[in-house]
Structures are given as C-alpha cells and as structure tokens.
1. Cα-based Rg of the protein assembly as shown per 2.2 N^0.38 Å, rounded to two decimals?
2. Using a 1.4 Å probe and counting only protein heavy atoms, arrange B:Phe329, B:Phe51 so the residue with the most accessible area comes first.
3. Calculate log10 I(q)/I(0) of region A:291-330 for q = 0.25, 0.26, 0.34 Å⁻¹, where I(q) comes from the Debye formula with a single equal point scatterer on each Cα and nothing for solvent.
4. Say the cut-off is 22 Å between C-alpha atoms; which of A:Lys177/A:Lys256; A:Lys259/A:Lys323; A:Lys103/B:Lys102; A:Lys158/A:Lys184; A:Lys7/A:Lys177; A:Lys256/A:Lys323 go over it?
5. Relative contact order of chain A, please, whole-number percent, based on alpha carbon pairs below 8 angstrom and at least 6 residues apart.
6. Using only helices, what value at 222 nm comes out for the protein assembly as shown when you add -39,500 (n - 2.57) per DSSP H run of length 4 or more and divide by the total residues, to the nearest 500 deg cm²/dmol?
7. How much length is gained on full extension from B:Asp260 to B:Thr281, taking 0.36 nm per residue of separation minus their Cα-Cα distance?
8. Considering every residue in B:140-151, what mean count of other chain Cβ atoms within 10 Å of its Cβ is obtained?
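The values are calculated or read from the model by the stated rules, or taken from the named source; none is laboratory data. Fair warning: this is a prediction, and the values are worked out from it, not measured in the lab. Every residue, glycine as well, gets a Cβ built from its backbone with ideal geometry; the counts of neighbours run over all protein chains shown. Areas reflect the complete protein model, heavy atoms only, side chains present, ligands, DNA and RNA absent. Shrake-Rupley method; radii C 1.70, N 1.55, O 1.52, S 1.80 Å.
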Amino acid sequence: MTCVAEKTYIEAIRDGIREEMRRDERVMILGEDVGAKGGVFGVTEGLQKEFGEARVLDSPLAESLIVGVAIGAAMNGLRPIAEIQFQDFIMPAVDQIISEAAKMRYRSNGDWGVPMVVRSPFGGGVHGALYHSQSIEAIFAHIPGLRVVVPSNPYDAKGMIISALRDPDPVLYFEHKRCYRAIKGEVPDGEYTVPLDRARVVREGEDIALFSYGMMVHTSLEAADRLAADGFSCEVVDLRSLRPFDRPAIVASARKCGKVLIVQEANLAVSVASEVAAIIAEDCFDSLDAPVMRLGGPEIPAMPFSPPLEQFYLVTPNKVEAKLRELAAY
Amino acid sequence: MSIPAQAPGQVAATSPVSKEHALELLRSMLRIRRFEERCVELYSEARIRGFLHLYIGEEAIAAGVMPALQSDDPIVSTYREHGHALARGIPMNAVMAEMFGKVQGCSHGRGGSMHLFDAATRFYGGSAIVGGGLPLAVGVGLGELMQQRHTVTASFFGDGAVAEGEFHECLNLAALWKLPVLFLCENNRYAMGTAIERALANVDVTAKAAAYNIAAEAVDGMDVLAVEDATRRAADAVRNDGPRLIEFHTYRYRAHSMYDPELYRSKEEVERWRDYDPLVTFPAQLRALGYLDDVSLTAIEHEIAVEIDAAIAYADAGTLEPVSDLTRFVYSETRPA
C-alpha cells in the first residue's frame, strides 16, 4: 500500500528527483552549489551523497554553460537537470534555452531532442530586492519548443518533476520560493506522475473563475474563501502549465462562470494573464457577463527592497478580494 | 595592420603520406571547393536562396581533420560548415538538397546552408549562433564520458567565437572536468568584417587555452598534412587525457557571405594569401612526389563534377515540405505513457 505523508513543497521536489534518479541512471544534476551545499535553497540536499559526484555536479558560476552543457548532454543520451539558483540569474542562459534547446528538435527535423529540465526558483515577497524576486516566466512561455510548468503544491511538485524528467522535450520547471517551506501537503511515497499540460480546478464554483499559478493559487484560494461567506462562489483554476496552456480547461471554467479574474505576481503587460485573457476573448465571448479582469504586479523593472514598495508590488489576498468584489458587483 | 608574410603555421607534417591517402585528401578538398563554386552559380540563378557562407580557402582543415577522427566521434559545427559536412561523409545529395530547402535535405529543408544536421554521422549541426555550439559540444562530451564511450567530441568554431564568453566558460569546464573535447579554432582572421587584431587584445588563441591549462598548438591550416597530423595527435591526447585545442591559421578567399563588398580588407591581402591556397600548393606537392599528373587530376575533377551534377539533379527533383507539416517536431511525436 502506498504510504502518504505530509511534506513541504521543497521536500516533494527532492523526493521526485530522488525517485527518478534511483529509477533512471541517465538522470543527473548540474548547477552552482547543487552538490556539497545541496542547492541554494536545499532542494538537492543529500543527493550528491546518495548518487555521487559523477551524477550531481557542482559547476562553475556560468549559467549559459550550465544550460548549454545540459543541452549537449541531453542530446547525447542523458537526462540532465540544470539548476539555476534564481530565475533572475537565468538571463545569460537565455540564448542557450531559446536558440538551442527550444529549436533543436525542429531544426534537426526530429534527429535530436533535448530532454532536459531547467529548475529555478522565482517570485518575490522575501525581501530579496531587485535580482532575487522576479517572475519572468512569460519570457519562456512565449517560446514554442519549450514546456513551462509551475507547480503550486507538494503533490504536483513531485509528480510534475518526475513527468518533466521523462519528457522528451525541454521543460522549464519554476518553483515559487515562498512555496518551498510554507506550503505543505500530502505526498505519496514512490513514483507517480502528474501531466505537464493540464490545468486543475482546485476549488469548484459558479460565479467567478479565478485563474492563477504557483504561490498565487494559495492567495486566490484565500480570497475565494472570504467571498464564500457572502454567498459568492469562485472557481479557482491552477494553470500549472504556462506552455502549452490547457485551453479546454481555461475555456470550460470561463464559460461556466461568465466572469473571470486572472491573478499573477508578474507585471501584466505581455504576460501569462494577457494570453489567458486572449484565449477567453477568442473562445468565450458569448459567455462573458463582465470584462475579463487581471491582477498582477506594477510596470516597474524589478521588485524594490524598500519594504513599503515591495509590499505595494505584491498581490495579496486583500487585493484579490477587492477585485473579486468588483467583478461580483458588475 | 600588418599582414604576415606567410600563414603562421608552426608544425610541419611528420608522418609520411601514401599516394593513395594523399590523393584522398586532395579529392576531399577539391570536392568541397567545386561543390561551393557550383553553389555560387546556383545562388546567382536564385536556385539557392538566403545566406551562403563559403569555405573556399579553408578546405584543408575539414579535409585534414575528418580522417583523423573516428566515425563515431561526435562533431559540432558552425554556420560555415559545408566542408565539414561533406568531409564527414554526409552524402552530397542530402547536403545539396538542404541548400535547395528540399525535404530530401539532411535537415528536411528546414535548416538550409547554415544548419546541416545528420544523426547517422553524429553531425550535431551547423549553427548560426556564433559560439552557441561550444557548450553543446562540451555537454555532448560529458555525455560520452558518462556513458563510457571512448570518443572525442570535435567542436569547430571561428576566431569570432573566441570573443564570446561561452568560449571561455567552455574551455574552463572542459579542463576542470577533463572532458574529451577537441576544440578546433578555424582562425580565418576575420569575424565577419572585423579583423582579429581589432577584436582580440591577445590574438594568440593558444595562449587563451594555456590560461585554462589546455595544451594547444597553432597549425598551418592551409597545409592539409599538417592539419591531419596535428588532429591525430591531439585526438589521441584527448582520448587519454582530456581536452586539447588546435588553432588553425587559415583564410577565406570569398566574402563573408554573398552580400559583402569586403571593405574591410585589401585585394592585395587576399592575393597574398592565394599563394597558400591548399588547392594550389598541395597538387604541386603531389606532382613533385610523382603522385599526381594531368591525367589523374582530370579524372578526379571529372568524378567530382559527375557527383555534383547528380546532387543538383537530386536536389532539383526533390520535394518541398508541405505546409501541413509545419508544426511537426516542435515537440516530440512520441510522448511517454
């Protein structure tokens, strides 16, 4: 019988990686401090001890190299995980991700694929200031050839890292750093998979469909609870995959409720919320009872350290609640 | 800017060369030269479109490197890779069809001149991103090592890529992890139109390798025997002892690509380098050795012309990818259960 235990999000990711490394000797990890230190947040803690230095490789501080080497290794029979310490630091590797990983299968006409996972934490609210707080997932969600996923809870975190490691194409697996220790949940022992391209309805409702991902799912759930007391029922959808989007799931919930709020931590222009809104505009026009609304960060280049400015940046349950009430009254 | 009196090769060929092998090398160089000359004609007839970067002048490198590698040694190439592809053994038909953008091309017509791929010969692609292939080669080499395959991954790049950060990151890591990668710098003195002296504070690429504890050698890239000899020695060293670098001094006689008025160099400079054209000097050497005469040269030329004609006919007869296939291979067509 499968044993189920309550675990943190970070433990669940590690469990998934460990399961897959035990099952598949092609799986390896490279990145800054992934070995001896166990990762900047501790995701890979203990893995070098269990699997050795040949499979958990501490690499030099060179993000383009880390990802580029992972791509080459993936094209040549391995299943690498490239860890980038913070999503903010991924920029030097963007050329490798977009020019090489995303296009390799297409331009080699299927001769080579890149079964690689790039893991990286994102998100603010941790006093990380300008370069330890960003949410730049939309950059990658724009690129055909990539898969972009963001688990919001420990069950999905484990099942999706295992799926990502079995996927034949490059997967960017983004972890909201506020989820790491704050979000706990039941995680079965042993291996199981969660699909990489399916959204999930985490709370059923009738009046307003709320779309979000990562930490914002929890923020949205809290706001939805508050409205329930007043008789408004919100359907909360965890997008989980930002490339490809689960279009049928998005359309189904939007049609069902007729009112839509999309919540993300990133700034709104040309973002995940923009695309979800566009899908709904295209496919749900006749079902809408109110304008599609979006809630996200302001249009400033980075999250400031200054406590009131950081607080202003963040999407909180209060802000979501206010938007929901606006929609409810429409 | 000073022009060297001669190609600054440092190593003379030491191994004796048989007549048969010498003629193979000549044939290989000539095959690349004639292929590209026909490509220029086809380009002016608009049968080949887009960007076309010619290897003319640099053929001794591809022709000398490939016989020194094993057939299972992976190769990562650049956008100036027709010569690498042909010398490696990708069928000329498939290369020409790719130039025409046909389905029968080695990249299904999706890549064209700059993006030749071929799994059968472990040819991991030409690529238009300068320096972008270097981390891939290091990763492929890591894969070879982890899967206990005793190969050498050959990574071609030009002097332009030496200015990219990835070059330095890759040399560092390959040396640090003792990866079986052979770095092959084709230094043709120009990054597009920028002379190496105007781009690099230190133009000695072997010195950069030395800074990362990689043994390196500068070789006359216009001398096919020197290229082959140096590659053989370096490849042996890589198999047993980690990365090596060879800097081949070479020269491209043609423009960077088809749209390039060559304002950055003088006609005199190009003419001076013509004295070192491997397709002038090597045949002369072979004639002196009694390996080659007009009859045998004509025979080789004829064989090549026949092969090229056949390749053009093959490419002409080829089909274009239907638009209905546009989205194939964005992602894998086989997904895990």
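1. On the way: Rg = 28.3 Å, N = 667, 2.2 N^0.38 = 26.0 Å.
Here the answer is 1.09, to two decimals.
2. Values: B:Phe329 35, B:Phe51 125 Å².
If we order B:Phe329, B:Phe51 from most to least accessible, we get B:Phe51, B:Phe329.
3. -0.86, -0.89, -1.15
4. A:Lys177/A:Lys256
5. Working: 754 pairs, mean separation 55.4, N = 330.
Computed over chain A, the figure is 17 percent.
6. -12000 deg cm²/dmol, from helical runs alone.
7. 4.8 nm
8. Taking all residues of B:140-151 together, the mean is 5.
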